[in-house]
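The values are calculated or read from the model by the stated rules, or taken from the named source; none is laboratory data. Fair warning: this is a prediction, and the values are worked out from it, not measured in the lab. FYI the Cβ positions are ideal-geometry reconstructions off the backbone, even for glycines, and counts take in every protein chain you see. Areas reflect the complete protein model, heavy atoms only, side chains present, ligands, DNA and RNA absent. Shrake-Rupley method; radii C 1.70, N 1.55, O 1.52, S 1.80 Å.
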Amino acid sequence: MDRKWISANRLSKEYEIGVKEFVEFAVKNAKDPNRVVCPCLKCCFGKRVREDELEGHLVCNGIDQSYTCWIRHGEKKKGNINFENSSTYASTDFDTDTYEPDRVDEIAKAVEEDLRDCPKMFESLLSDAEKELYNGCTKFTRLSAILKLYNLKASNGWSDKSFTELLTLIKDMLPDDNELPSRTYEAKRILCSIGMSYERIHACPNDCILFRNEYELLKACPKCNVSRYKKKESTPAKVVWYFPIIPRFRRMYRSEEDSKHLTWHADERIRDGMFRHPADSPQWAKIDHEYPEFGIESRNLRLALSTDGMNPHGLQSISHSTWPVILVIYNLPPWLCMKRKFMMLSLLISGPKQPGNDIDVYLTPLIEDLKILWETGVEVYDGYRKKCFNLRAMLFGTINDFPAYGNLSGYSIKGQCACPICEESTNWMRLKHCKKNVFLGHRRFLPYSHQYRGWRNAFNGKSEEGRVEANHDGIGFMKWFQGHRCYVFGGNSKMMSMDGLTLEG
């Protein structure tokens, strides 16, 4: 079936005929004709509609032009895998994580580089990927079956005990010559080579330092002299887990499908002036303009960092705070960008209290890797284009609430000058009776001729004549910062003058 109509004008006859053909095809292959996945630009595969609604959506909103293979509507691809009719193993109507095939071959290729120093482990993994689950089984190999089952365990929060009972039951139900493990421990041993490495780093109980690099062999913090261990030297007082990001980026690009998705913003994004993706933002264009050597390579990654505190125990009476630090990859299309599969956990900060402004101590290993990716880059194999290239990455932005924003930036978000944009010119008022600060002056951001500036009774009884001050550039900010005091993080925190800083460039 000709798919050229997808990129045709929506008002053309060609597009109208193509929409009707697509609707007929989708309804014919749908399990329920009244609940068909809508690929229009507004729904983005996230909504199911009736036949008449589907046609209206595609005519009014347009169709995703990258959707040339209709796998979400019954079209077969790669070995006759029917995505519409396959089991989803999920409770939601639409979830890209569960509609994909096993991709065991891609997994084996992706971990090959990581297991060069362990040839026996790689041979074992490859053998499990090729071994039939039982004699004559064509749907599952030993590895793919364990992956499917373990994915169910992780998604539904099953305990190791219940998973062992499930494995035992399924093994008894299958033919006697089946290769399915009967215990959770055996399944984990098979999958351990697929998992990514992590670093377990000891930290000062007062958040002064991480015991790594020059501090790795010390038994006490050089700043506050507190021991790094509890009563026994084998038990650290505080630990942070770091999951290195560079090997994970390498593994993503070795996957042919993931590698193609990572350049969606350059190859398949619709450019019609509408804001659907971070690539449509002025910030993205500004980076391309100021750093052309970075922007010209569409495979370079633009990341967002997100963090917040939580109590994993769910009991407010227990004093505990866990701060996961997650990276989001903005190169991906909008329907994959915020999927759990592509949200990358990079740090896990756990302790009896939140790190507060000392979170910068724990971010050190992540920042070091990000600096490598920005300054020099790393060599990565592109599984889609079948060649190596130099991968670079940058931190495009952060996602957090206002208190976490203060912790990440080091800016004080309390008191009279809590706004990081207005700074010392923040318009505030102290309420006498409830003893709280409120922030006014929002009309300053309106155009000077806007009618709201002259309204008095609707606001504070005064007309607004103020203007918004221009933002500081880097040099201007450093000039403003000189003479101020800077907070030195850690257990022996103190204020330090910034007069000694010099400006370069």
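List pairs: first in region 346-369 and in contact (Cβ under 8 Å) with a residue 12 or more places away in the chain, second acidic (Asp, Glu), Cβ under 6 Å, 6+ apart or cross-chain? Here the result reads PRO355/ASP207; ASP358/ASP207; VAL361/ASP207, each pair linking region 346-369 to a residue that is acidic (Asp, Glu).
If you go through region 395-427 and keep only what is of a type outside the set (Gly, Ala, Ser), out of contact with any Ser or Thr (no Cβ under 9 Å at 6 or more places or on another chain) and closer than 18 Å to THR307 by Cβ, you end up with LEU395, PHE396, ASP401, PHE402, PRO403, TYR411, ILE413.
Residues that are assigned to a helix (DSSP H, G or I) and either of a type in the set (A, V, I, L, M) or surrounded by fewer than 18 Cβ atoms within 10 Å (Cβ to Cβ) (or both) within region 257-280 comprise GLU257, LYS260, ALA266, ASP267, ALA279, ASP280, listed in sequence order. One residue stands out among those in region 434-446 that are part of a strand (DSSP E or B) and without any contact (Cβ under 8 Å) to a residue 12 or more places away in the chain: the one that is nearest to PRO278 (Cα to Cα), which is VAL438. Would it be correct to say that SER87 is modelled with pLDDT under 80, open to solvent by 40 Å² or more (accessible area, probe 1.4 Å) and not in a helix (DSSP H, G or I)? So SER87 passes the test.
Across region 332-342, the number of residues qualifying as assigned to a loop (DSSP other than H, G, I, E, B) and in contact (Cβ under 8 Å) with a residue 24 or more places away in the chain comes to 3.
Answer yes if at least one residue in region 271-284 is in contact with a strand residue (DSSP E or B) (Cβ under 6 Å, 6 or more places away or on another chain), in contact (Cβ under 8 Å) with a residue 40 or more places away in the chain and among the basic types (Lys, Arg), and no otherwise. No - not one qualifying residue is present in region 271-284. Of all residues in region 392-419, those satisfying the criterion of being part of a loop (DSSP other than H, G, I, E, B) and either open to solvent by 30 Å² or more (accessible area, probe 1.4 Å) or in contact with a Lys or Arg (Cβ under 9 Å, 6 or more places away or on another chain) (or both) are ARG392, ASN400, ASP401, GLY410, TYR411, SER412, ILE413, LYS414, GLY415, GLN416, CYS417, CYS419. What is the number of the single condition among (1) modelled with pLDDT under 90; (2) open to solvent by less than 60 Å² (accessible area, probe 1.4 Å) that PHE211 does not meet? Result: PHE211 passes all but (1). Looking only at residues of region 1-49 that are out of contact with any strand residue (DSSP E or B) (no Cβ under 6 Å at 6 or more places or on another chain) and among the small types (Gly, Ala, Ser), we find that the one that is most open to solvent (accessible area, probe 1.4 Å) is SER7.
Scanning region 233-256 for residues that are in a loop (DSSP other than H, G, I, E, B) and either surrounded by fewer than 16 Cβ atoms within 10 Å (Cβ to Cβ) or not hydrophobic (A, V, I, L, M, F, W, C) (or both) returns GLU233, SER234, THR235, LYS238, PRO244, SER255.
The single condition among (1) under 30 Å from ARG254 (Cα atoms); (2) charged (D, E, K, R); (3) without any contact (Cβ under 8 Å) to a residue 60 or more places away in the chain that GLU423 does not meet is (1).
The single residue among GLU130, GLU186, GLU123, GLU179 that is at pLDDT below 90, crowded, with 18+ Cβ neighbours inside 10 Å and more than 27 Å from ASP369 (Cα to Cα) turns out to be GLU179. Applying the criterion of being assigned to a loop (DSSP other than H, G, I, E, B) and of a type in the set (Phe, Trp, Tyr) to the residues of region 281-331, the residue that is least open to solvent (accessible area, probe 1.4 Å) is TYR330.
With ARG183, ARG228, ARG212 as the choices, which residue is of a type in the set (Lys, Arg) and in contact with a Pro (Cβ under 7 Å, 6 or more places away or on another chain)?
Step by step, each of ARG183, ARG228, ARG212 is checked, and only ARG228 is of a type in the set (Lys, Arg) and in contact with a Pro (Cβ under 7 Å, 6 or more places away or on another chain).
Of all residues in region 462-491, those that are in a loop (DSSP other than H, G, I, E, B), at pLDDT 70 or above and open to solvent by less than 50 Å² (accessible area, probe 1.4 Å) total 3. Restricting ALA154, ALA108 to residues that are modelled with pLDDT of 75 or more and aliphatic (A, V, I, L, M) narrows the list to ALA154. If we scan region 426-433, do we find a residue that is part of a strand (DSSP E or B), aromatic (Phe, Trp, Tyr) and touching a residue at least 24 places away in the same chain (Cβ under 8 Å)? No, that holds for no residue. Residues that are part of a helix (DSSP H, G or I), more than 31 Å from the chain's Cα centre (by Cα) and not aliphatic (A, V, I, L, M) do occur in region 172-187, at least one of them. For SER162, all conditions in the list (1) more than 27 Å from PRO324 (Cα to Cα); (2) at pLDDT below 90; (3) surrounded by fewer than 16 Cβ atoms within 10 Å (Cβ to Cβ) hold save one; what is the number of the exception? That leaves (2) as the condition not met.
Confirm whether GLY383 is touching a His at 6+ places or on another chain (Cβ under 8 Å) and open to solvent by less than 80 Å² (accessible area, probe 1.4 Å). Even if it seems obvious, please write down each step before you answer.
On the way: touching a His at 6+ places or on another chain (Cβ under 8 Å): no; open to solvent by less than 80 Å² (accessible area, probe 1.4 Å): yes.
Here the answer is no, as GLY383 does not meet what is asked.
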